[in-house]
Amino acid sequence: MNVVVSGSMEPEFYRGDIVAVEKANLLGLGIQEFNPEDVKVGDIVVYDAKWVNEPVIHRVINITEINGTKYFVIKGDNNNAADPYYVHPSQITDRAITLGDNPIVIPYIGNINLWLKGL
């Protein structure tokens with residue numbers, strides 16, 4: 001589960017919602033529920049961003065290759081521009097679990113966690 005900390009993905013989900021995710025490295029044991037190399041355009045992923053200290057949950061909007069290396073262009077649905085840096089597959093830690101095209105979301109419950117963390 002991943003608690004949403006901002007409004008960058010509205011209206012898909014909102015601050016304080018919890019999004020069900022699958023792990024690229026379950027419990028740090030190297031067990032993959034999905035392979036980050038297999039992420040596709042439209043997937044919602046959680047990644048270790050270079051531009052902020054918290055994990056970011058945004059949507060993949062493009063895939064590019066630079067000198068033979070795959071990178072993702074990622075953007076919050078409610079943001080005007082893509083995130084400032086390309087994302088390497090190794091930075092992706094989670095992917096939203098979907099039913100059809102919709103992520104599995106539990107509304108509002110994460111607000112307790114945000115309040116406890118002072119966010």
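Table for the structure above
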| read-out | value |
| --- | --- |
| Inter-label distance for residue 51 and residue 27, nm, one decimal - labels placed 7 Å from Cα along Cα-to-Cβ | 3.6 nm |
| Approximate spin-label separation residue 20-residue 112, in nm, with each point projected 7 Å along Cα-to-Cβ | 1.9 nm |
| The chain, relative contact order [Cα under 8 Å, separation at least 6], % | 32 percent |
| Cα gyration tensor shape of the range 1-41, rounded if a/c is under 1.5, else prolate or oblate by comparing a/b with b/c | oblate |
| Radius of gyration and Dmax over the Cα atoms of the range 50-119, both given in Å | 14.5, 44 |
| Principal axis box of the range 2-117, alpha-carbon based, largest edge first, Å | 44, 36, 31 |
| Sites excluded, trypsin sites (Lys or Arg not before Pro) in DSSP loops with at most 16 other C-beta within 10 Å, longest stretch of the chain | 51-119 |
| Given charges at Cβ of Lys, Arg, Asp, Glu: the chain dipole, positive-most of 3, 52, 98 | 52 |
| The range 2-117 - charge dipole about Cα centre, Lys and Arg +1 at Cβ, Asp and Glu -1, debye rounded to 20 | 220 debye |
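No lab work stands behind these numbers, since they all come straight from the coordinates. Small disclaimer: the values here were computed from a predicted structure and weren't measured. Quick reminder, even Gly has a Cβ in these numbers, built from the backbone with ideal geometry, and neighbours come from all protein chains shown.
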